[in-house]
Every structure is written in C-alpha cells, then in structure tokens.
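Remarks on the structure that follows.
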Amino acid sequence: MSKLPKFDFDPHVLVGLDTSDDAAVYQLTEDLAMIQTVDFFTPVVDDPYLFGQIAAANALSDVYAMGGIPKVALNIVGFPNCLSPDVLSEIMKGGADKVKEAGAILIGGHSIQNDEPFYGLTVSGLVHPKKIQKNYGAKPGDCILLTKQIGTGIINTAAKVEFASERAKEESYRVMASLNRKGKEVMDQFTVHACTDITGFGLMGHALEMAEASKVTFHLHSSSIPYIPESLDYAELGMIPAGAYANRKFQEAKVDVSRISTAFQDLLFDPQSSGGLLYSIPMEEKERALEAFEKADLDTTVSCIGEVRELEEKNIILY
Amino acid sequence: MDKNLDCKGLACPLPVVEAKKAMEEMQEGILTVLVDNETAVQNLQRLGQKFQYAVASQKLSEKEFEVRIEVKKQDGVSKEKEATCTVVFSSNKMGEGAEELGHTLIKSFVFALSNVDPLPTAMVFYNSGAYLTSQDSPVLSDLKTLEKAGVKIMTCGLCADYYKIKEKLAVGIISNMYEIVETEMQSDKIIKP
C-alpha cells in the first residue's frame, strides 16, 4: 500500500491508511461517520454454509472493531464452474444469515468465475465520530481483554488431515462463526481506549500492532489466555499452519516469549480466521466489564489476558 | 531399521501424519523425510521433539529439505508412553512442623531428586511452591540441572501472579491449570514431598 500514489488530505477521513487499522472511517456529518471495510477468504472448512457464516462474521467484525454498527453488506464471490451451484447457494445463505444476525441488510454483490472458491463481504457501518475505537490509545495501567479463545488455525490444520477430534472441531467452528456483535455491545457501556480484532496475524500480531501504535508494552499472562484445549496438543505434534511460522518470523523481534513453552508460543502466532475483539480498557472497569460479559452470555470465552505497562524494550512480554 | 519417506508435494500438515505413522511402525533407527517447504521442516521438528527424539534438518536445494528423526523406543514402547512421574510441590517447605526444618528438608529433597535415575518427567509448583522456581529460590541450581536433563518444570501462573513473583520466574515455564491437570492425569505416578 505504501507504494500507491498519495491522495490529497481530506479532513473527512477520520481513520485512513497510515495506522493500519481494521477499517476506513469517513465523516459524513458532525455526528455521523461511515465505516467501510472489505474482507474475503478461501474456504477454511468443508461445510459451505459454515464457511459462509465464518467469512461473513469475519468481514462484519471489522465494523465492530471500530466501534460501529454494520448497516449494508454486499457479497464478493469467486466460484469454479466444476462445483455444483448448490454449494454456492449454501455459502451465500450462511453469509446472509450472519448479516441478518448483525442487524444489517445484504443488498447485492458481485461474482466471478475462479478455480478456487472465495467468499466475503464489503460492509458499510455507522459510528458517531467521537465513539470510533482505534487500534491505538492503550494506556499504562489498562487491562487487556480478549473476547474469543484462540487456536482455530491449528485445529483447522489438524482437521484437514482428519486428525482433529469432533469436540475440538465443534468448538473451533462455533468460535469462528460467532459474531462479534454481542462483545461489542457489552463494551459500549465501558470506556474503550483501543480495540482491534484478531485475524490473520494471530493474537500476538494484533496485540503487537496495538502495543506498538500505542507506544506501550503489554504484559500478557499465558495462564489467562483462553484457547481450545486440543490446539495445544496438536501444536506439539506439529500441526501448525505455515502462517503461524510467517507470523513468528515477522513478530518475534518485538516480543519476549522466552518464559513459555514452544507449543503455547505457536498458539499465540496461530492465524485466526475470525477471531475475537481485543480491548484495552481502564483496569478499574475490568471487574464490571467481566460481570457484564457473564450476563451477556457469549458463546465464546472472554478473559482479561494481561495489562498495559510503560514502554519497555519489547512491546509484548509473555508470562 | 531405517526408513525413508518422500513427502514432497504433500500439503501441510500431511508430512507430519505420514512421519507419525512411520515412527509408530519403527522400533529404532533413522527416519528420513524429504519435504519441499520450511513449514513442513519445522512441523516435523516439533513432532520429533514431542517424542523426545533427536531431530536434524538440512536444506538440500531451494525446494528440497531433509529431516532426520532418530527414533529410539525403549522396550518396544515410545518414550511418550514410558512410565511418567510428576512431582508436585504445593508448598515451599516439606512436611508439617517447624518452618526452618521444612525449608531445609525441601532443599535436600530437590537435591536428592536431581540425582535419581530415572528422573521425574515433570515437576509442578503451585501455591507457595511457586517461590521455589523464582529468582530467590534456595533450590534454583538443582532445578536448572533437572530442567537441562529434560524435566518439564511448570509453575502455576495464578499462584505466581498472586505472590507477585511472575516476573521473577527463573526456571521452567509458567503454566495454566489445564496443562497442570493434564500433566497430572497422564502421569503414572505422582510424588508429593
């Protein structure tokens, strides 16, 4: 992106290219801004309906990460001639159901013929300009909150070779298809200093982006980080996707993982297909926030996974 | 008996599945696996380490890597299934009674433990036991010796947090209750000083 021609400064652009945030935000009026995002990927699971749900939940998540409400979505589809059109309609049905669950509307889209199927959405959402949640702004003393367990990339890898248990797959599918709506709505009642969602760069990568942009250091506690139990076993056996190694390579200079096991490190670098929201909130609101999450009854595990400190040599330290 | 596998062209993590199958069929020998990408190399290294086998790898060309796993099972069972023993430290002293004596006893217990054969598989430290793996521990050097010899040393994260000594951890890893319970469940023997 850095090689693209520069555009003239536009004061309406509230969140643009320069901070690698989750979505673009454009101010429409004094009290209204539009969030715009696009996301799609190739199948991560065999079941087309489930794949549609996951891809849509992932695309919608960018709007929640910015603190907004999704309003309008369009399909983006690539599909090969050799597959039955029934498969495509299942994928799109999964996507449409998620858009519905988000309270938004799906009003069209575009498809091309492509050897490998892909699916996703463009989503437009709305937010009050003063309530935009950026991926920076974490302050020393904050608590770091994560709204979904990790390990789905490793479970998917093991599932590809029929190695994952039914239980592990069931949990992984539920986590990936889960919409970040409820988590975002709970956090509407609290002070949010920074927010992002966990996707391809793994928990470590997205936490690192937040810590770096906020010029702070995160102390994360491995014992508090929720994960799908089987993912640790599969990581030990070497069922690790290539993306996890790529993430490790790019991120390891800025993090200190020396105190935790290799398998748990792999879990932190594991790319997530549609991960949870990561929040930095004032520590004094932690207990009330966790109580509110308890009441909201999410189908994923929410946990305070660490705290924010003044900037040290590394941006993230794992204990 | 040595074995060779050509896993070039197989998508990740299929080489791991093939290698695991081959390892299960082998008693002792070198398993050589050819793969065409580095992810597969790293995944095979983890697989070998999981069973505590020596692993070496070599880049033969841009698209060819060789991974050698030294399979060595004792009495026909892989090391993973060998009798396991976990030592559980729930306190930084040994037994009930005078505190000073308790501290002295735990020191000689850990020292003795570092000299037995076979060594325990894992050592778990919780509650005030967490002090034993921190910087100021009186048994630190023995624990480091044990760790070097391959004993898994795990300290309960919640406990280290509670006593505010997480940052002072000097040996082993911080673990969580799931890992601790799993280690204990899989252990054939649990010893508690």
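The figures follow:
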quantity	calculated
Cα→Cβ-extended label distance, 7 Å offset, between A:ASP47 and A:GLU291, nm	3.7
Isotropic mean projected area of the C-alpha convex hull, the range A:142-318 (nm²)	9.2
Sequence ranges A:113-120, B:122-129, A:293-300, A:272-279, ranked by mean other-Cβ count within 10 angstrom, highest first	A:272-279, B:122-129, A:113-120, A:293-300
Peptide B:150-159, shielding by other chains (average Cβ, 10 Å cutoff)	2
Computed lengthening from B:SER90 to B:ALA11, 0.36 nm per intervening residue step minus Cα-Cα distance	23.9 nm
Relative compactness, the range A:248-319, computed as alpha-carbon Rg over 2.2 N^0.38 Å	1.30
Fully extended contour minus Cα-Cα distance, from A:ASN81 to A:MET283, at 0.36 nm per residue	67.3 nm
Distance (nanometres) between label positions extended 7 Å along Cα→Cβ at A:LYS6 and B:TYR163	5.6
Cα Rg, Dmax (largest Cα-Cα span) when computed across chain B, Å	20.2, 66
Lysines with Cα under 25 Å of B:LYS73, excluding same-chain neighbours fewer than 8 positions away	B:LYS3, B:LYS20, B:LYS21, B:LYS50, B:LYS81, B:LYS148, B:LYS152, B:LYS189
Estimated vicinal HN-Hα couplings, Hz - the range A:55-61 in sequence order (Karplus 6.51, -1.76, 1.60; Gly, Pro = x)	4, 6, 4, 5, 5, 5, 4
Rg followed by Dmax, in Å, when the range B:3-72 is reduced to its Cα trace	10.6, 32
Heavy-atom accessible area per residue - the range B:3-72, 1.4 Å, Å²	49
Equivalent ellipsoid semi-axes - Cα gyration tensor, the range B:85-191, angstrom	18, 17, 14
Lysine pairs meeting the criterion (Cα under 21 Å, 8 or more apart or interchain), as found in the range A:1-135	6
Alpha-carbon spread of the range A:77-173, three principal axes, descending order, Å	54, 39, 23
Inverse of mean 1/r across different Cα pairs in the range A:13-127, Kirkwood, Å	14.4
For A:155-167, mean number of other protein chain Cβ atoms within 10 Å	2
Distant-in-sequence amide H partners of B:MET123 (H built 1.01 Å from N, under 5 Å)	B:VAL87, B:LYS152, B:ILE153, B:MET154
Protection proxy ranking of A:75-87, A:214-226 - average other beta-carbon atoms within 10 Å, highest first	A:214-226, A:75-87
Distance from the range A:240-319 to the range A:19-68 (C-alpha centre basis), Å	21
Reach of A:LYS314 by Cα under 19 Å, taken over lysines that are not fewer than 8 positions away in the same chain	A:LYS139, A:LYS215, A:LYS249, A:LYS254, B:LYS166, B:LYS168
Residue-by-residue Karplus 3J(HN,Hα) for the range B:155-170, coefficients 6.51, -1.76, 1.60, Hz, glycine and proline x	10, 5, x, 4, 5, 4, 4, 4, 7, 6, 10, 4, 6, 9, 3, 10
Principal axis dimensions, largest first and in whole angstrom, of the protein assembly as shown by Cα	74, 55, 41
Residue-averaged beta-carbon neighbours from other chains (10 angstrom radius) around B:53-62	0
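The values are calculated or read from the model by the stated rules, or taken from the named source; none is laboratory data. On a predicted model such as this, the values are computed, not experimentally measured, just so you know. In this analysis, Cβ positions are derived from the backbone assuming ideal geometry, glycine residues included, and neighbour counts consider all displayed protein chains. Ligands, DNA and RNA are stripped out before the accessible areas are found, and what is left, the full protein with its side chains, is counted by its heavy atoms. Shrake-Rupley method; radii C 1.70, N 1.55, O 1.52, S 1.80 Å.
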